[in-house]
Amino acid sequence: MKNKGGSGKKTWEALTQACAASGVKPTPRVLIVSIGSGTLQFFRNAELVKSYLISTSRRPPSNLRGSLGTPRGLHQIVERIGGGQPCGMVFKGRVATGQHFSELPDSEQEGRNLITSRILWLGGLEEGVNRSGDCDTRARYIYIHGTNHEARIGEPLSAGCILMRNLDIIELYEEVRTGDLVLIRD
């Protein structure tokens, strides 16, 4: 993987500040999502490895249940789902359906972001911000996942999740582990 976006030094500083505020030590592998620029940066040992174009929510960022906004703050990957499945595999309830999204009729895809290829399920680390009560990221089923609308990646598109191209999420999935930190910021 080659670095596709600047040094990432300021982005890394934002992560270290968030970790310090939460009393969390940065993990060797870290993902930093910028809602405003529509990017996800993958760091290994504080060095930017790669930057990906992503899509976040059609609605304003929000940590509240029912808002359909992408949640902000410090998170971790709580579960990795889909390893070994073919690119474009559709998941329902985090279970592979056995169908590629192209096999589904247009009526099942129209206006819907299917969950495809891989799932990185996120859990918040900040009590009262993105963890517990009406703001719990994990309970909202917020994922980083592939989509059936790859041509629209880069524009606001989701109902809160972070969407990636299918080959990108497969590549990223192979690099990260459960417990790795994810900072989502404006």
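The values are calculated or read from the model by the stated rules, or taken from the named source; none is laboratory data. All figures in this text were calculated on a predicted structure; none of them were measured in a lab. Heads up, the Cβs are rebuilt from the backbone with ideal geometry, glycines too, and the neighbour counts pull from every protein chain shown. Each accessible area value is taken on the protein alone, full model and side chains, heavy atoms only, with ligands, DNA and RNA left out. Shrake-Rupley method; radii C 1.70, N 1.55, O 1.52, S 1.80 Å.
The table for this structure:
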{"item": "Yes/no for Tyr143 being touching a Gly at 6+ places or on another chain (Cβ under 8 Å), in contact (Cβ under 8 Å) with a residue 24 or more places away in the chain and not aliphatic (A, V, I, L, M)", "result": "no"}
{"item": "Scan of the stretch 129-143 for residues that are of a type outside the set (A, V, I, L, M) and either open to solvent by less than 10 Å² (accessible area, probe 1.4 Å) or closer than 23 Å to Leu104 by Cβ (or both), ordered by number", "result": "Asn130, Thr137, Tyr141, Tyr143"}
{"item": "Count of the stretch 100-129 residues which are over 25 Å from Glu175 (Cα atoms) and not basic (Lys, Arg)", "result": "13"}
{"item": "Subset tally (residues that are crowded, with 20+ Cβ neighbours inside 10 Å and not basic (Lys, Arg)) for the stretch 52-72", "result": "9"}
{"item": "Selected residue [farther than 28 Å from Ser22 by Cβ, exposed (fewer than 14 other Cβ atoms within 10 Å of the Cβ) and modelled with pLDDT of 95 or more] from Gly146, Gly93, Gly82, Gly179", "result": "Gly93"}
{"item": "Failed criterion for Ser37 (all others in (1) within 18 Å of Cys135 (Cα to Cα); (2) surrounded by fewer than 20 Cβ atoms within 10 Å (Cβ to Cβ); (3) not charged (D, E, K, R) hold)", "result": "(1)"}
{"item": "Residues (under 12 Å from the mean Cα position of the chain (by Cα) and outside any loop (DSSP other than H, G, I, E, B)) located in the stretch 132-169", "result": "Tyr143, Ile144, His145, Gly146, Ser158, Ile162, Leu163, Met164, Asp168, Ile169"}
{"item": "Flag for Ser107 being open to solvent by 60 Å² or more (accessible area, probe 1.4 Å) and either farther than 19 Å from Glu127 by Cα or in contact with a helix residue (DSSP H, G or I) (Cβ under 9 Å, 6 or more places away or on another chain) (or both)", "result": "yes"}
{"item": "Test: residue in the stretch 97-104 that is under 20 Å from Ile32 (Cβ atoms) and of a type in the set (D, E, K, R)", "result": "no"}
{"item": "Any chance Ile54 is within 26 Å of Asp134 (Cβ to Cβ) and in contact with a Gly (Cβ under 6 Å, 6 or more places away or on another chain)", "result": "yes"}
